[in-house]
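Enquirer: This is the structure, below, for whatever I ask next.
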Amino acid sequence: MTLDLSITIDARNLELSFDVGPTETVAIMGPNGAGKSTIIQALAGLLKPDAGHATLSGQPLFRLGAGGSWLPPHERGIGSLAQEPLLFPHLTVLDNVAFGPRSRGASKAASAKTAWHWLREVDAADLAGRKPAQLSGGQAQRVALARALATDPELLLLDEPMAALDVNTTPFLRSLLKRVLAGRRAIIVTHDVLDALMLADRIIVIEAGRIVESGPTSAVLAHPRSTFAASLAGLNVLPGTLSGTTLMMPDGVQVAGQAVSGTGDGATGDRAGLAAFRPSSVSVFMTPPLGSPRNCFLVRVDALEPHGGHIRVRAGLLAADISPAATAELGLAPGSEVFFVVKAAEVVLYPA
């Protein structure tokens, strides 16, 4: 049984549909304001869409319209973990985790047994007697995860659960989530590509309230079809029309590359496609280079940013990674007109 969701929220310009399999973790990604957290709120019952429906394992969560229905949040069988743990400050850690099963009618002894189980699962059993004020941010988030799992939810909603944690705590929680999400149905909203790589079976990319890309995590990051997914993957991606081993961009510029299976010389007819290459494959020149045929783009520098041991030169939709010494030698600055050059062997062409 799956989660089946279709919603429209006019005020937020949101209209989309997707499903989640019974043991699948889906990462929802996109720029700020795209509508990611709105989806979480609608599923949790905290926000009522203008139209649509949601069904979880055959149980209708809501169906809007004439003769429709709306299931209250506490009856939906959904667990949530947000940026902030939101633990009850007056209860101990053990009582916080036991609250869910207790509120569903389990006895005090049974609720405590369940709470102890999940505290051990998230490596927080030693915190059972503490109050939330005595916990670090990472500890509190582990307890919040245990509380979300203690009700054995049909669906777990994770709304940027690591956004408020420090860099030392995040890897531990990410590894913990990977373990506890195995075999579960979950949706995680995140901006971090590592979250998607480690936790998600599939990525859904949302821009301006619409799904612009969806697919297995590895496929989306290897061959992104949206600007946002390309930025996640660290790739330059250019749209156009494929013809053999050439992509024609809308402005008439041709990009030569290596076609993936099914888009090379054997393919018939032109089709919409994309050219992708890494910023590290781009060389920067002040004048057009001589030599073997290469892809050459005249661009204007927008910004220079530190990027590891290199300088990332941003110019419109493109980026190049070059050494600090090369940056100084070229005298680069925002506003400079330069040539981005990349060999055809470094460019991958694939259908859009």
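The values are calculated or read from the model by the stated rules, or taken from the named source; none is laboratory data. The shown structure was predicted, so the numbers you read here are calculated from the model rather than taken from an experiment. Every residue, glycine among them, receives a Cβ derived from its backbone with ideal geometry; neighbour counts consider all protein chains shown.
Enquirer: Output the number of the condition that Asp321 fails; it satisfies all remaining conditions of (1) of a type outside the set (Gly, Ala, Ser); (2) over 30 Å from Gly215 (Cα atoms); (3) modelled with pLDDT of 95 or more.
Expert: Every listed condition holds for Asp321 apart from (2).
Enquirer: Identify all residues within the stretch 153-200 that are modelled with pLDDT under 90 and polar (S, T, N, Q); write none if there are none.
Expert: Of everything in the stretch 153-200, those that are modelled with pLDDT under 90 and polar (S, T, N, Q) turn out to be Asn168, Thr169, Thr170, Ser175.
Enquirer: Separate question: If we keep just the residues of the stretch 205-226 that are of a type in the set (A, V, I, L, M, F, W, C) and closer than 25 Å to Val347 by Cα, which is nearest to the chain's Cα centre (by Cα)?
Expert: Val205
Enquirer: Of the conditions (1) under 22 Å from His90 (Cβ atoms); (2) without any contact (Cβ under 8 Å) to a residue 12 or more places away in the chain; (3) among the charged types (D, E, K, R), Arg120 fails just one. Which one is it?
Expert: Arg120 satisfies all of (1) under 22 Å from His90 (Cβ atoms); (2) without any contact (Cβ under 8 Å) to a residue 12 or more places away in the chain; (3) among the charged types (D, E, K, R) except (1).
Enquirer: Report whether or not Asp192 is closer than 10 Å to Val26 by Cα, of a type outside the set (Val, Ile, Thr) and buried (at least 17 other Cβ atoms within 10 Å of the Cβ).
Expert: Working: closer than 10 Å to Val26 by Cα: no; of a type outside the set (Val, Ile, Thr): yes; buried (at least 17 other Cβ atoms within 10 Å of the Cβ): yes.
It is false that Asp192 is closer than 10 Å to Val26 by Cα, of a type outside the set (Val, Ile, Thr) and buried (at least 17 other Cβ atoms within 10 Å of the Cβ).
Enquirer: If you don't mind, another one. Tally up the residues in the stretch 227-248 that are under 13 Å from the mean Cα position of the chain (by Cα) and among the small types (Gly, Ala, Ser), please.
Expert: Here the count works out to 4.
Enquirer: On to the next question. With the structure loaded, tell me whether Phe297 is crowded, with 17+ Cβ neighbours inside 10 Å, of a type outside the set (Lys, Arg), under 21 Å from Pro239 (Cα atoms) and in contact with a Cys (Cβ under 9 Å, 6 or more places away or on another chain) or whether it fails that test. Show your work before the answer.
Expert: Numbers: crowded, with 17+ Cβ neighbours inside 10 Å: yes; of a type outside the set (Lys, Arg): yes; under 21 Å from Pro239 (Cα atoms): yes; in contact with a Cys (Cβ under 9 Å, 6 or more places away or on another chain): no.
No; evaluated as a whole, the condition is false for this residue.
Enquirer: State yes or no: is Leu56 more than 22 Å from Ala208 (Cβ to Cβ), in contact (Cβ under 8 Å) with a residue 60 or more places away in the chain and in contact with a strand residue (DSSP E or B) (Cβ under 8 Å, 6 or more places away or on another chain)?
Expert: Details: more than 22 Å from Ala208 (Cβ to Cβ): yes; in contact (Cβ under 8 Å) with a residue 60 or more places away in the chain: yes; in contact with a strand residue (DSSP E or B) (Cβ under 8 Å, 6 or more places away or on another chain): yes.
Against the criterion (more than 22 Å from Ala208 (Cβ to Cβ), in contact (Cβ under 8 Å) with a residue 60 or more places away in the chain and in contact with a strand residue (DSSP E or B) (Cβ under 8 Å, 6 or more places away or on another chain)), Leu56 qualifies.
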